[in-house]
1. Filter the range 90-110 down to the residues that are in contact with a helix residue (DSSP H, G or I) (Cβ under 6 Å, 6 or more places away or on another chain) and either closer than 11 Å to Gln72 by Cα or polar (S, T, N, Q) (or both) and list them by number.
2. Give the residue that is nearest to Ser70 (Cα to Cα), with candidates limited to residues of the range 48-59 that are modelled with pLDDT under 95 and either among the acidic types (Asp, Glu) or in contact with a Gly (Cβ under 8 Å, 6 or more places away or on another chain) (or both).
3. Tally up the residues in the range 1-40 that are of a type in the set (Val, Ile, Thr), over 17 Å from Tyr68 (Cβ atoms) and surrounded by 12 or more Cβ atoms within 10 Å (Cβ to Cβ), please.
4. I'd like to check something: does the range 24-31 contain any residue that is more than 24 Å from Glu3 (Cα to Cα), outside any loop (DSSP other than H, G, I, E, B), of a type in the set (A, V, I, L, M) and free of Cβ contacts under 8 Å to residues at least 40 places away in the same chain?
Amino acid sequence: GSEGNAGNIIRPQDKENYTKLLQEFRKQLHAYGKQTGEDYLLSAFLPASPAKIDAGFEVPDIFGALDYGSVQGYDFHGTWESTTNHQSNLLTSPNDPSVPRFSDDQVVNAYLSRGAPPKEIVVGVPF
């Protein structure tokens with residue numbers, strides 16, 4: 001998996017186990033939907049950082065279980081940094097002094113290049 005809050009326990013099998021968890025949720029929702037005659041959607045919040053994507057997510061497999069993946073399109077910058085910057089920029093600016101650089105465009109392309117279906121990506125926006 002990829003790190004989250006300080007103190008989280010991260011194990012090598014977390015990436016594969018997350019995929020299995022989503023697949024089991026999908027299986028159970030499908031079975032429940034057969035009983036009720038309803039369709040139930042499954043979605044998940046997904047990180048913006050390519051390093052976190054690679055460390056914690058089997059992208060084609062999780063999107064096989066999800067109806068939608070809500071990718072983080074905000075909190076690219078904030079009070080934890082020593083400079084002011086865009087919090088949720090659509091495109092990466094060549095003047096952005098930060099490393100790594102983040103933008104909605106970069107995040108969506110990171111998922112597309114790893115096998116996510118375009119129609120299943122939802123960009124989260126701040127409010």
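1. Matches in the range 90-110: Thr92 only.
2. Applying the filter and picking the extreme gives Ala48.
3. So the count comes out to 1.
4. Within the range 24-31 (the criterion being more than 24 Å from Glu3 (Cα to Cα), outside any loop (DSSP other than H, G, I, E, B), of a type in the set (A, V, I, L, M) and free of Cβ contacts under 8 Å to residues at least 40 places away in the same chain), the answer is yes, since at least one residue qualifies.
To keep it simple, each residue is scored yes or no on (1) within 18 Å of Tyr18 (Cβ to Cβ); (2) crowded, with 16+ Cβ neighbours inside 10 Å; (3) among the acidic types (Asp, Glu).
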{"site": "Ala51", "(1), (2), (3)": "yes, no, no"}
{"site": "Ile62", "(1), (2), (3)": "yes, yes, no"}
{"site": "Ala65", "(1), (2), (3)": "yes, yes, no"}
{"site": "Gly69", "(1), (2), (3)": "yes, yes, no"}
{"site": "Asp75", "(1), (2), (3)": "no, no, yes"}
{"site": "Leu91", "(1), (2), (3)": "no, no, no"}
{"site": "Asp96", "(1), (2), (3)": "no, yes, yes"}
{"site": "Val108", "(1), (2), (3)": "no, yes, no"}
{"site": "Leu112", "(1), (2), (3)": "no, no, no"}
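The values are calculated or read from the model by the stated rules, or taken from the named source; none is laboratory data. Predicted, not measured: the structure shown is a model, and the values here were computed from it. Reconstructed Cβ throughout: ideal geometry from the backbone, glycine too, with neighbour counts over all protein chains shown.
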